[in-house]
Every structure is written in structure tokens, then in C-alpha cells.
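Student: Let me begin by handing over the structure; questions about it come next.
The values are calculated or read from the model by the stated rules, or taken from the named source; none is laboratory data. This structure is a prediction, so every number in the text was calculated from the model and none was measured. Cβ sites come from the backbone with ideal geometry, for glycine too, and all protein chains shown count toward neighbours.
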Amino acid sequence: MKLIFASNNLNKIKEIQQLLPSSFEIVSLQDIGCNEDIPETADTIEGNAILKANYVTQKYSLNCFADDSGLEVEILNGAPGVYSARYAGEPKNDDNNMNKLLDNLIGKDNRKANFKTVICLNINGDQHLFTGIINGKIIDEKIGSNGFGYDPVFVAEGYTKTFAELTMQEKSSISHRAEAVKQLIVFLSSNTI
């Protein structure tokens, strides 16, 4: 089964393709000729996932799924949240975002945080949402070179390594995105499409 993933983020595409059974093939926005930036103007992670999926469904009349993810830090009232990718402003830059986050946490004891992913699936005229959350904490410095985004400063509950120190397989087995994708797979497997 081919699934259109409303993304041109190669890291996300690779990560999700690895999570899906081999019977599923991910098709990117580029593969369907969609090279424009889809507006992400909602004020929630769920809202952005819905915006992206609806954009593709409405413009191309295709079934698709989209995701949005964010890092929510408890002491910062859930920030950066929906603004995670652009936390330090434009252009998007992972290092700048992490530096801003670490600066905002100087002197704060509460380092609790979670990664959240919401997947919006538009299929056969219906819309379904799947949410994955992993709890953890933000450490004081960047460690590791794998992954992307805030991975070098996030340690999941029950782990001692950052997401950026884990292999893609290790991260994929526990991540917020993996949890949401598992729900997506269960749904697709149990529904005749």
C-alpha cells in the first residue's frame, strides 16, 4: 500500500518508513509534485497536523497523512510546543533552537519535558488522529550526533542517553513518533481500505 506522507523532511520520512511494515510504501510531497511549503499556522500541534493533511487532500484529492511534533517543557508552560521548529526564529536551525532552550532553563531545577507527535490521517473522506507522547527531561548540554531537532538535549524516562546518542532503531522503538505510527499501523491493518 502506498501512503502519501505530507512532508519533505527527509529525516522524518526515513524514520517513518523504517517504522512501517514493508507492505507500506511512503510517498513524499516531492513525489507527488508538491514542492510548496504547506502553511503551519495553527496554535496547536494537532492543528498543524490537520492543516497539512487537509492541504494535500484538498489540493490533490489524495488520501494522505501528516504529522506535527513538538517539545513541551513543563517549567516553560509547554514551550516551545507548536513553535519547536522555529523557537529561535527564522530560518529554522536546530542548534539555535537548543541554545535558546538551554538559556531559558538556566537556574531552573524542573527539567521535565515531553515530545509529542500527532498524526492526522485523511482517508476515504474520514479523518483520524493518533497521538504519541514520550516523557523525559532536558539536560544541561548537547550530547550525541544522531537524530535531529532537540534530540541531543532530551533524555527519555528510564534512559541515561539522549535521543541523539541512540541508534535510529533504538530511538524508533520508544519515540513519540513511533508511538503515533504504531497507532496508525494498527488502524490501517484493522480497516479494509
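Student: For the subset of the range 17-72 comprising residues that are of a type in the set (D, E) and without any contact (Cβ under 8 Å) to a residue 60 or more places away in the chain, which member is surrounded by the most Cβ atoms within 10 Å (Cβ to Cβ)? Quick ask: steps written out before the conclusion?
Tutor: To start, the set of residues in the range 17-72 that are of a type in the set (D, E) comprises 25, 31, 36-37, 40, 43, 46, 67-68, 72.
Adding the requirement that they be without any contact (Cβ under 8 Å) to a residue 60 or more places away in the chain leaves 25, 31, 36-37, 40, 43, 68, 72.
Details: E25: 11, D31: 14, E36: 9, D37: 8, E40: 18, D43: 9, D68: 26, E72: 20.
Among those residues, the one meeting the criterion is D68.
Student: Considering only residues that are over 16 Å from P80 (Cβ atoms) and either under 16 Å from the mean Cα position of the chain (by Cα) or of a type in the set (S, T, N, Q) (or both), which ones fall in the range 111-133?
Tutor: If the condition is that a residue be over 16 Å from P80 (Cβ atoms) and either under 16 Å from the mean Cα position of the chain (by Cα) or of a type in the set (S, T, N, Q) (or both), then I119, C120, L121, N122, N124, Q127, L129, F130, T131, G132 are the ones that fit.
Student: Condition test on E46, is it farther than 20 Å from P91 by Cβ and either touching a Leu at 6+ places or on another chain (Cβ under 8 Å) or of a type in the set (A, V, I, L, M, F, W, C) (or both)?
Tutor: Taking the combined requirement at face value, the residue satisfies it.
Student: Hey, can you tell me all the residues within the range 84-143 that are in a strand (DSSP E or B), farther than 30 Å from Q58 by Cβ and without any contact (Cβ under 8 Å) to a residue 40 or more places away in the chain? I'd like the intermediate steps shown before the answer.
Tutor: Initial filter on the range 84-143 (in a strand (DSSP E or B)): 112-123, 126-138.
So of that shortlist, the ones also farther than 30 Å from Q58 by Cβ come out as 112-114, 134-138.
The answer is K112, N135, G136, K137.
Student: If you don't mind, there's one more thing I want to ask. Name the residues in the range 99-125 that are at pLDDT 95 or above and closer than 23 Å to I16 by Cβ, would you?
Tutor: Correct list: A113, N114, F115, K116, T117, V118, I119, C120, L121, N122.
Student: Continuing with this model, one more query. Of all the residues that make up the range 4-24, how many are at pLDDT 85 or above and either of a type in the set (D, E, K, R) or part of a strand (DSSP E or B) (or both)?
Tutor: 2
Student: For residues that are within 14 Å of L121 (Cα to Cα) and not in a helix (DSSP H, G or I), tally how many sit in the range 157-193.
Tutor: The total comes to 2.
Student: When the range 73-83 is examined, which residues are found to be free of Cβ contacts under 8 Å to residues at least 40 places away in the same chain, surrounded by 17 or more Cβ atoms within 10 Å (Cβ to Cβ) and over 26 Å from A53 (Cα atoms)?
Tutor: L76
One line per residue, one yes/no per condition, for (1) within 14 Å of D67 (Cβ to Cβ); (2) acidic (D, E); (3) crowded, with 21+ Cβ neighbours inside 10 Å:
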| position | (1), (2), (3) |
| --- | --- |
| G147 | no, no, yes |
| D151 | no, yes, yes |
| Y159 | no, no, no |
| E165 | no, yes, no |
| E170 | no, yes, no |
| S173 | no, no, no |
| A178 | yes, no, no |
| Q183 | yes, no, no |
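Student: If a residue must be more than 18 Å from V73 (Cα to Cα) and in contact with an Asp or Glu (Cβ under 7 Å, 6 or more places away or on another chain), how many such residues does the range 128-145 contain? Write out each step before concluding.
Tutor: Here is the first cut: in the range 128-145, the residues more than 18 Å from V73 (Cα to Cα) are 128-130, 143-145.
With in contact with an Asp or Glu (Cβ under 7 Å, 6 or more places away or on another chain) added as a condition, the list becomes 129, 143-144.
Going through the range 128-145 one residue at a time, the tally reaches 3.
Student: Please work out if V155 is within 19 Å of R177 (Cα to Cα), without any contact (Cβ under 8 Å) to a residue 24 or more places away in the chain and among the β-branched types (V, I, T).
Tutor: yes
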